[in-house]
Amino acid sequence: MSDTLHAVIASVQEGSRAQKEGLKAGDTIVSVNGQPVEDLIDLNFALADEKVHLVVQNGDSLRDCYFQKRFGEDVGITMENAVFDHIRQCWNNCIFCFIAQMPQGMRPSLYVKDDDYRMSFLTGSFITLSNLSEEDLRRITQYHLSPLHISVHTTNGMLRRRMMRQERTEDIMDHLRNLVRHDIDMYCQIVLVPGYNDGEEFSRTVRDLESLRPNVLGIAVVPLGMTKFRSECMPLNPVTPELARDIINRSRPFTERSRREGRGSFVYLADEFYLKAGMPLPDNAYYDNYEQIEDGIGMLRLFEQQWHSWDGKVRTAYDKPKRLALLTGTLAAPFISQLVQEVQVANLEVNVVPVENHYFGRQINVAGLLTAQDMLHAWQQLAGDWDGLIIPGTALRKGENIFLDDMTLSEFEARAGVPVGVSEFAPELKQLLYHWQENKE
């Protein structure tokens, strides 16, 4: 798969300066003020000028566009991609790399190992800093690209090299201190690998990152993911309930100290640690506006908060019996089931169905990695007649109705043989449960 990209306009705002100049979706920006642009960072800085000269290509033709505007005024274009040259690839060979555990035959974009500082700044993707050049560092400091999202894993240089199997990963603390000297803020990540960066190594890493406050804004801690496609990977062990409890206990002093100082929780653990440990999730305040939600941290507590704050219309009964099946991952199923039991509607039966992940393996237990095939398999095991099926929205490609195994939502619904509702957030689920007739029939 080619990773070459271009500065292609995705949309033009109605009534904007760009529209008045005749710019259209599909046009390619060749240069701004005589300079090529590599990414949205270049483009945004260049378009902030009062005088802007664009060279735009449409098909084989080039034309000039001139803007005279206020400094910082938006010209009204949205781009297809965040970077316009190519996505910087990861040089590491991490022992826990999820992409290395992917089966063959999935869509090409799922195999891209990006490690691009520009995407870290623009979209929040995590980078390792191991492929940064001097020019990259100069650009980060010149444009003050902050915050960055950094996969640290451990601050023990020798251990980091062993885990990531790349010698340029050792000097992580030097890299982080350099960013601090230039006042770059950072969100850090630890993928916990039992037997490597757990125990005292985990505590050391958190202490080291704590010493870089206030520039280190927080640490997201997530357990490694292990698929069944690990035959050619280094043998590793999953996070056990005992280890989950240990990580929770080791994190607590850092969190409590940080909150006493009015700095937020600092160490944010993925929901899976609490569920595996059999311990209650932290309260809403722990998650500090859910800034780490993309890492699966706080998803269940946020879901619960939205569930109880939903202000939609509640019905007391359906006119005739209604049976709905709600599919979700095995990890969250008990939590979701408790919430669903609160919905007391006459003639409504809701069955929460935990779906085992046969595609990636049973160790993968989150809804976002369920395939259409596994959900259809779970659906077909249900006895009796059903009026509808509800699936997790996280199982679909973002912004598209396509599953990980490339089945479309319409094909899934046809094969299920009943109306299918999609719920990613609690308000959507409550709306479906209380108003299935209005939404799906």
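The values are calculated or read from the model by the stated rules, or taken from the named source; none is laboratory data. Please read all numbers here as calculations on a predicted model, not as lab measurements. Backbone-built Cβ (ideal geometry, glycine too); neighbour counts: all protein chains shown.
Observations
- Taken across segment 109-116, residues that are assigned by TED's automatic domain parsing to the domain that holds Arg177, small (Gly, Ala, Ser) and either in contact with a strand residue (DSSP E or B) (Cβ under 9 Å, 6 or more places away or on another chain) or buried (at least 18 other Cβ atoms within 10 Å of the Cβ) (or both) do not occur at all.
- Residues that are assigned to a loop (DSSP other than H, G, I, E, B) and touching an Asp or Glu at 6+ places or on another chain (Cβ under 7 Å) were ranked within segment 327-340; the one that is surrounded by the most Cβ atoms within 10 Å (Cβ to Cβ) is Leu331.
- Output for segment 224-254, where each listed residue is closer than 26 Å to Gly105 by Cα and crowded, with 18+ Cβ neighbours inside 10 Å: Leu224, Gly225, Met226, Thr227
- Leu212 vs. criteria without any contact (Cβ under 8 Å) to a residue 40 or more places away in the chain, of a type outside the set (D, E, K, R) and crowded, with 20+ Cβ neighbours inside 10 Å: no
- Residue match in segment 26-39 (condition: under 30 Å from His153 (Cβ atoms) and of a type outside the set (S, T, N, Q)): yes
- Considering segment 148-264, the qualifying strands (runs of 3 or more DSSP E), each wholly inside and each with 3 or more residues that are under 30 Å from Ile41 (Cβ atoms) and touching a His at 6+ places or on another chain (Cβ under 6 Å), run over 186-192.
- Checking Thr205 against (1) over 24 Å from the mean Cα position of the chain (by Cα); (2) touching a residue at least 24 places away in the same chain (Cβ under 8 Å), the condition it does not meet: (1)
- Residue within segment 324-331 that is of a type outside the set (Phe, Trp, Tyr) and free of Cβ contacts under 8 Å to residues at least 40 places away in the same chain present: yes
- Filtering segment 140-147 for residues that are modelled with pLDDT of 95 or more, under 23 Å from the mean Cα position of the chain (by Cα) and under 18 Å from Leu269 (Cβ atoms) leaves an empty set.
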